[in-house]
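Student: Quick one: the structure is below, and I'll ask about it shortly.
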Amino acid sequence: MAKSLLKTASLSGRTKLLHQTGLSLYSTSHGFYEEEVKKTLQQFPGGSIDLQKEDNGIGILTLNNPSKMNAFSGVMMLQLLEKVIELENWTEGKGLIVRGAKNTFSSGSDLNAVKSLGTPEDGMAVCMFMQNTLTRFMRLPLISVALVQGWALGGGAEFTTACDFRLMTPESKIRFVHKEMGIIPSWGGTTRLVEIIGSRQALKVLSGALKLDSKNALNIGMVEEVLQSSDETKSLEEAQEWLKQFIQGPPEVIRALKKSVCSGRELYLEEALQNERDLLGTVWGGPANLEAIAKKGKFNK
């Protein structure tokens, strides 16, 4: 009976966005021509986005452009989309840590690209491209953590908000510097920041271009925890240990949980409930469920 219900259930457009990978927020109907944007971004080389997938189901995504504080070049923006697509298809994955190379997170966009893309049309095109990419990133069926070492500035600060959680090292800082540049966040950072810390705090952080050190960020709920070490290697190890507590279990269960939370955040109540039901159908009676029942475990400790 459950299978027949799943077959006959109709999905709204927004629900389909969560069910299917590779779907874009914007299309030609919005004036967004992705292939043209990609050709433009390809003109601005430098740095790389590196992905390491561990056997324990944790991926490590590294923003690697240390000579420019890991600022995003055009090529890095393209590579980020490529890595997101790779992660969408990583069925063994359960968690993801995002960090920057050489003990700093990211200083945002490479100014060489910013100066060359000076028209409102250029700005809108990059805005739509990065909103698409980071929304797909946010919807990955992986529990994600931003490991903020050093500075997370501008677009780098925005990227941290696309992660499920944020951890900071003691000396690190987050700053949305957009107002100082005469613009506003455009990679989805404002929308996500309001969800994380609320509209009043978000308005303070953005309009004041506040420098959030680890203590202040923790106090306003921007980050989950301040790590013990500022050392690049040791803080990564700490972040991995922190993440492990949330990804214990089979990948299919962890991934279904993340998808369910995404639907609860993005969909109307009725749609979210239907999506939760559909996700349950992928794990109920599955190996992990049957093994737990066979053990007759008591979860009262």
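Student: Of the accessible area of segment 152-200, with the probe set at 1.4 angstrom, what percent is carbon plus sulfur?
Tutor: 56 percent
Student: Tell me whether segment 152-300 comes out rounded, prolate or oblate; compute the Cα gyration tensor, take square roots of the eigenvalues as a ≥ b ≥ c, and use a/c under 1.5 as the rounded threshold.
Tutor: oblate
Student: Based on the Kirkwood radius over alpha-carbon pairs, what value in µm²/s does the Stokes-Einstein equation return for the translational diffusion coefficient of segment 249-293 at 4 °C and 1.567 mPa s?
Tutor: It comes out at roughly 119 µm²/s.
Student: Is there a pair in LYS53/LYS259; LYS68/LYS215; LYS39/LYS244; LYS83/LYS295; LYS211/LYS234; LYS83/LYS244 whose C-alpha atoms are over 29 Å apart, and which pairs would that be?
Tutor: Cα-Cα > 29 Å for LYS39/LYS244; LYS83/LYS295; rest within.
Student: I'm checking a number: the convex hull volume of the Cα atoms of segment 74-121, normalised per residue, in Å³. What is it? Each step should come with its number before you reach the end.
Tutor: Working: hull volume 5.4 nm³, N = 48.
So the per-residue hull volume is 112 Å³.
Student: Please express the shape of segment 36-145 as an equivalent ellipsoid: the semi-axes are the square roots of 5 times the eigenvalues of the C-alpha gyration tensor, given largest first in whole angstrom.
Tutor: That gives 25, 16, 10 Å for the three semi-axes.
Student: Let me ask you something else. Between SER24 and ALA294, take the C-beta separation as r, use R0 = 45 Å, and let me know the FRET efficiency to the nearest 0.05. If you can, show how the numbers build up before the last one.
Tutor: On the way: r = 43 Å, r/R0 = 0.96.
Efficiency computed from Cβ-Cβ geometry: 0.55.
Student: Let me know the charge dipole size of the chain about its Cα centre in debye, to the nearest 20, where only the beta-carbon of Lys, Arg (+1) and Asp, Glu (-1) is charged.
Tutor: In total the dipole reaches around 700 debye.
Student: Oh, and also: Summing +1 for each Lys or Arg and -1 for each Asp or Glu, what net charge is found among the other residues whose Cβ lies under 11 Å from the Cβ of GLY208?
Tutor: Taking every other residue near GLY208 into account, the sum is +3.
Student: Please identify, among GLN42, GLN245, GLN274, the residue showing maximal mean-square fluctuation in a Gaussian network model of the chain using a 10 angstrom Cα cutoff.
Tutor: Checking each option, the largest mean-square fluctuation is seen for GLN245.
Student: Turning to a different aspect of this structure: At 1.4 Å probe radius, can you tell me the per residue accessible area of the chain in Å²?
Tutor: 52 Å²
Student: OK, next. Roll a 1.4 angstrom probe over the protein heavy atoms and tell me the percent of accessible area of segment 249-293 that is carbon or sulfur.
Tutor: Here it works out to 66 percent.
Student: Report in % the part of the accessible area of segment 24-107 that belongs to carbon and sulfur, leaving out ligands and nucleic acids; probe 1.4 Å.
Tutor: Looking at segment 24-107 in its full context, I get 46 percent from C and S.
Student: Taking the Cα centre of each part, how many Å lie between segment 196-247 and segment 46-91?
Tutor: 21 Å
Student: Let me ask something else. Sorting check: for 50-63, 164-177, 88-101, which peptide has the highest mean count of neighbouring beta carbons within 10 Å, and how do the rest follow? Display every interim value, and only then the final one.
Tutor: Values: 50-63: 17.4, 164-177: 22.0, 88-101: 20.4.
Top of the packing list down: 164-177, 88-101, 50-63.
Student: Using a Förster distance of 22 angstrom, determine the FRET efficiency expected from the C-beta separation of GLN52 and GLU171, and round it to 0.05. Working shown, then result.
Tutor: Numbers: r = 25 Å, r/R0 = 1.13.
The value I calculate is 0.35.
Student: For the chain, go through all pairs of different Cα atoms, get the mean of 1/r, take its inverse, and jot down that Kirkwood value in Å.
Tutor: Computed over the chain, the radius equals 20.3 Å.
Student: Among SER116, SER24, SER48, which one shows the biggest mean-square fluctuation in a GNM of the chain, springs joining Cα atoms closer than 10 Å?
Tutor: Its mean-square fluctuation being the largest, the pick is SER116.
Student: While we're looking at this one, here's another question. Put a dot 7 Å past each Cα toward the Cβ at PHE246 and LEU280; how far apart are the dots in nm?
Tutor: Distance between label points: 2.4 nm.
Student: Would you please give the FRET efficiency between GLU180 and THR91, computed as 1/(1 + (r/R0)^6) with r the Cβ-Cβ distance and R0 = 45 Å, to the nearest 0.05?
Tutor: 0.60
Student: Using a ≥ b ≥ c from the Cα gyration tensor of segment 195-260 (square roots of the eigenvalues), is it rounded, prolate or oblate, where a/c under 1.5 gives rounded and otherwise the larger of a/b and b/c decides, a/b for prolate? Could the numbers behind the result be given before it?
Tutor: Details: a/c = 3.62, a/b = 1.41, b/c = 2.58.
Oblate shape, in that a/c is at least 1.5 and b/c is the bigger or equal ratio.
Student: Remind me, relative contact order of segment 249-293 in percent, using alpha carbon pairs under 8 angstrom and six or more residues apart?
Tutor: This gives 41 percent for segment 249-293.
The values are calculated or read from the model by the stated rules, or taken from the named source; none is laboratory data. Here the structure is a predicted model, which means the values were calculated and not measured. For neighbour counting, all protein chains shown are included, and Cβ atoms are generated from backbone atoms with ideal geometry for every residue, glycine included. Note: accessible area is taken over every heavy atom of the protein model, side chains too, but ligands, DNA and RNA are not part of it. Shrake-Rupley method; radii C 1.70, N 1.55, O 1.52, S 1.80 Å.
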